[in-house]
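Enquirer: Structure below; questions to follow.
None of the figures in this text is laboratory data; all of them are computed from the coordinates on show. Given the structure is predicted, the values throughout are model-derived calculations rather than measurements. Cβ placement follows ideal geometry from the backbone for every residue including glycine, while neighbour counts extend to all protein chains displayed.
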Amino acid sequence: MSVRLAVESLEKVYGEGERAVHAVRGVSFATEPGEFVAIVGPSGSGKTTMLAMIGGLLTPTRGSILVNGTDIARLRGKALAEYRRRRVGFVFQANNLLPFLTARENLLVMARINGSDMRAAKARADQLLEELGLTPRRDALATELSGGERQRVAIARALMNDPELVLVDEPTASLDSARGKQVVQSLIAEVKGRDKLGLMVTHDLAMAEMADRVLEMHDGLVVAHAVSTRG
Ligand SMILES: Nc1ncnc2c1ncn2[C@@H]1O[C@H](COP(=O)(O)OP(=O)(O)O)[C@@H](O)[C@H]1O
Ligand SMILES: [Mg+2]
């Protein structure tokens, strides 16, 4: 697994005519395998829109998104669904767990639906629960978990399929800062260990500093690239 992303002149316009909103206005950047990139910027600057396009959830208006040379922006139908399902792990702010299942069952549900090897899936689930500090809560129902715990289960669930692209939209919203840092460390370890790509939108500058690089968005454009001082 070794993933390279090259985003070129990417644009997204929502709606048409007078109502059109130019959410992303021509973004270009490239990443190396194993990079963990933070994306910062004010609300409404196009961060979620960009992440959704890279994850194949939203069709770009113009531009390309090359993942190891394949333009994701051109994929449709089955090929696009395969890309989303096999290669992308998403963590959204509003990641909902199934309330009637436990933390561990929430990780296993897709494996069951897909008819995957359940022994391997259980091993993977338990490993992720451990890495994210959830082992003591693994048999708790989703409704019994705290906000931070639910968010960590959502992160573990996104990593279950061993995705090459790990896309995270403001993961730490309901995590205290010590726990939040630990979660980001787990994500970084996952990305570095397997030459994946991590893209994480965050408001938290302490989290952003943990990344290899910070992209700052403003009004639909990347206005600054800062290499982290982390070393
Ligand atoms: N589905 C949509 N329809 C119309 N406009 C949208 C839609 N989603 C987002 N926008 C607009 O696009 C711009 C960028 O939004 P978004 O990508 O959510 O920014 P961020 O994640 O940085 O807050 C904002 O002006 C927002 O109102
Ligand atoms: Mg957003």
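Enquirer: Taking other Cβ within 10 Å of each residue's Cβ, how do LEU57, LEU98, LEU159 sort, fewest first?
Expert: Ordered by Cβ neighbours within 10 Å, fewest first: LEU98, LEU57, LEU159.
Enquirer: So, one more: Can you put GLU130, GLU8, GLU18 in order, fewest other beta carbons within 10 Å first? Numbers along the way, then the final one.
Expert: Values: GLU130 13, GLU8 16, GLU18 5.
Sorted ascending by nearby Cβ count, the order is GLU18, GLU130, GLU8.
Enquirer: Would you mind getting the Kirkwood hydrodynamic radius of the chain from its Cα pairs, rounded to one decimal in Å?
Expert: 18.1
Enquirer: Report the extension gain between LEU98 and MET1 in nm, rounded to one decimal, defined as 0.36 nm multiplied by the number of residues separating them, less their alpha carbon distance.
Expert: 31.9 nm
Enquirer: While we're on this one: How far is helix 118-131 tilted off the main Cα axis of the chain, in degrees rounded to 10, range 0 to 90?
Expert: On a 0 to 90 degree scale, this one is about 80.
Enquirer: Between SER9 and LYS192, what FRET efficiency comes out of the Förster formula 1/(1 + (r/R0)^6) with R0 = 22 Å and r the beta carbon distance, rounded to 0.05?
Expert: Values: r = 29 Å, r/R0 = 1.32.
About 0.15, to the nearest 0.05.
Enquirer: With an 8 Å Cα cut-off and a minimum separation of 6 or more residues, compute the relative contact order for the chain in percent.
Expert: Relative contact order, the chain: 30 percent.
Enquirer: Compute the length gained on full extension between ASP126 and ASP162: take 0.36 nm times their separation in residues and subtract their Cα-Cα distance, giving the result in nm to one decimal.
Expert: 11.6 nm
Enquirer: Test of understanding: extend the Cα→C-beta vector of THR59 to 7 Å, then name every residue of region 1-15 with backbone N under 20 Å from that spot.
Expert: Under cut-off, by backbone N: 8-15.
Enquirer: Follow-up question, since we're still on this one. Based on the Cβ-Cβ distance of PHE29 and ALA81, what FRET efficiency does E = 1/(1 + (r/R0)^6) give at R0 = 25 Å, to the nearest 0.05? Please list the in-between numbers first.
Expert: On the way: r = 26 Å, r/R0 = 1.03.
Computed FRET efficiency for PHE29 and ALA81: 0.45.
Enquirer: Which is the longest stretch in the chain that no exposed loop site breaks, taking sites as trypsin sites (Lys or Arg not before Pro) with a DSSP loop state and at most 14 other Cβ atoms within 10 Å? Kindly include the intermediate steps, with their values, before the conclusion.
Expert: Numbers: sites that count: ARG76, ARG230.
Longest stretch, sites excluded: 77-229.
Enquirer: Within region 32-57, what residues put their amide N at less than 17 Å from the label point 7 Å along the Cα-to-Cβ vector of ASP71?
Expert: 53-56
Enquirer: If I take every Cα pair under 8 Å that is 6 or more residues apart in region 79-206, average their sequence separation and divide by the length, what percent do I get for the relative contact order?
Expert: RCO, region 79-206: 32 percent.
Enquirer: Where q = 0.11, 0.12, 0.14 Å⁻¹, what log10 of I(q)/I(0) comes from the Debye formula for region 50-113, counting one point per Cα?
Expert: Taken in order of the listed q values, log10 I(q)/I(0) reads -0.34, -0.40, -0.52.
Enquirer: Over 25 Å between Cα atoms: which of LYS78/LYS122; LYS47/LYS196; LYS78/LYS192; LYS47/LYS181; LYS78/LYS181; LYS12/LYS192 fall into that group?
Expert: Flagged as over cut-off: LYS78/LYS122; LYS78/LYS192; LYS78/LYS181; LYS12/LYS192.
Enquirer: While we're looking at this one, here's another question. Which chymotrypsin sites (Phe, Trp or Tyr not before Pro) in region 1-86 pass both tests, a DSSP loop state and at most 10 other beta-carbon atoms within 10 Å? Write down the numbers at each step before the final one.
Expert: Numbers: sites: TYR14, PHE29, PHE36, TYR83; in loops: none.
Hits after loop and neighbour filter: nothing returned.
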